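Notes follow once the structure below has been shown.
The values are calculated or read from the model by the stated rules, or taken from the named source; none is laboratory data. Small disclaimer: the values here were computed from a predicted structure and weren't measured. Quick reminder, even Gly has a Cβ in these numbers, built from the backbone with ideal geometry, and neighbours come from all protein chains shown. When the accessible area is computed, the model is the full protein with side chains, heavy atoms only, and any ligands, DNA or RNA have been set aside. Shrake-Rupley method; radii C 1.70, N 1.55, O 1.52, S 1.80 Å.
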Amino acid sequence: MSFDIAVDHRIGDRLIHLRAQAGAGLVALFGPSGAGKTSILNMVAGILTPDSGRIAVAGETLFDSGAGIDIPAARRRAGYVFQDGRLFPQMRVRANLLYGRHGDAPLPFDAVMDFLGIGHLLDRWPATLSGGEAQRVAIGRALLSGPRFLLLDEPLSSLDPARREEILTVIERMKRDLAMPMLYVSHDRAEVERLADQVIAL
C-alpha cells in the first residue's frame, strides 16, 4: 500500500475520521472545503498529531497510537507542496530551491531544473514570479528535499486557467517519471478525474 491511513482527530466540535488504504500512484483526497483534507495531509506529514490511529506510507509506519510510534516530521521525508507555494520572499529562487536540500533527492539539481523548466528563474525574487512559476519552484524545492513521498495541498487553486494547465502537465509528468507515492488534496472534480489513480472521498 502506498498510503494506509486510519485516524481520528477532533478539532473543536468537528471530528475527522478516515479509514483508507491506497495502492500505487497518485491518491486524491476529494471533498468540499472544511472536510478535513488539509488536516489529514498534515497528519501524514507529522505536522498534526492524530488523537488516535495509524499512518503508514509505502509500508513504513509513521504513526501508531497503540504502539507508541510517532516519527518526527523531519524524519518522515515528506515533500510538501502547499496551496500558496510558501516560498521565502527574502531568498532568490536558487536559495529557495536549495533550502532543506537532501542528498537522497530523486533527481540532481540540474535534472530538476530541466524537468520543471525553471533554470532561467534561479536569480529571480519570488515576488517577480507568476503563479505557475512559483508553484514549479515550490515543486522543485519539494523534490530536492529527498522525499520518500509527496503531499500536494490544492496546488492549482490560486492559478488562472493557463497556469493550471501548466502545473497539471507537470504533475502528470511526475506521476509518470518519478514513481513516488503522491497524496493530492482537491475539491475540483475535473482535476481529480484527470490526475488520480485512486480517489478517497471525504
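Points worth noting:
- Within the range 31-57, tally of residues that are open to solvent by less than 30 Å² (accessible area, probe 1.4 Å), under 18 Å from Pro155 (Cβ atoms) and not hydroxyl-bearing (Ser, Thr, Tyr): 6
- Annotation: of all residues in the range 1-16 being open to solvent by less than 10 Å² (accessible area, probe 1.4 Å) and out of contact with any Phe, Trp or Tyr (no Cβ under 9 Å at 6 or more places or on another chain), the one that is farthest from Pro50 (Cα to Cα) is Ile5.
- Residue check for Ala134: under 28 Å from Phe30 (Cβ atoms), part of a helix (DSSP H, G or I) and aliphatic (A, V, I, L, M): yes
- Residue among Ala138, Ala142 that is of a type in the set (Gly, Ala, Ser), open to solvent by less than 40 Å² (accessible area, probe 1.4 Å), within 27 Å of Gln21 (Cα to Cα) and touching a strand residue (DSSP E or B) at 6+ places or on another chain (Cβ under 7 Å): Ala142
- Hey, Arg19 in contact with a Gly (Cβ under 9 Å, 6 or more places away or on another chain), loosely packed, with under 15 Cβ neighbours inside 10 Å and of a type outside the set (Ser, Thr, Tyr) or not: yes
- In the range 1-26, the residues that are among the acidic types (Asp, Glu) reach residues that are in a strand (DSSP E or B) and open to solvent by less than 30 Å² (accessible area, probe 1.4 Å) with C-beta atoms within less than 8 angstrom, at least six apart or across chains, in these pairs: Asp4/Ala20; Asp4/Ala22; Asp4/Ile55; Asp4/Ala56; Asp4/Val57; Asp8/Ile16; Asp8/Gly53.
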